[in-house]
């Protein structure tokens with residue numbers, strides 16, 4: 001597995017975890033980009049974050065809708081089940097057994 005693939009899979013898990021932390025389980029792509037940079041030192045443009053959102057949509061882990069120039073992501077039941085370890089979503093790092 002390439003370093004880029006590892007980063008993508010880890011980022012997808014981080015996105016799901018961050019959505020789960022939000023009161024409404026939603027976040028914009030720009031806010032997520034900032035969290036990835038500040039908390040995880042993952043320095044990527046918003047378009048890259050939105051591509052990861054699209055992957056998670058294709059796996060039914062999140063839903064998105066466009067709000068002007070950004071995407072808003074919302075955690076789905078399937079994404080929540082992945083975080084709980086009830087299912088495994090391909091291309092998304094598994095959560096640790098010690099919690100989220």
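Throughout, read-outs are computed from the coordinates displayed, never taken from laboratory work. Please read these numbers as outputs of a predicted model, since none were measured by experiment.
Where q = 0.16 Å⁻¹, what log10 of I(q)/I(0) comes from the Debye formula for the chain, counting one point per Cα? One equal scatterer on each Cα of the chain leads to -0.60. For region 73-88 versus region 6-66, the inter-centroid distance based on Cα atoms is 14 Å.
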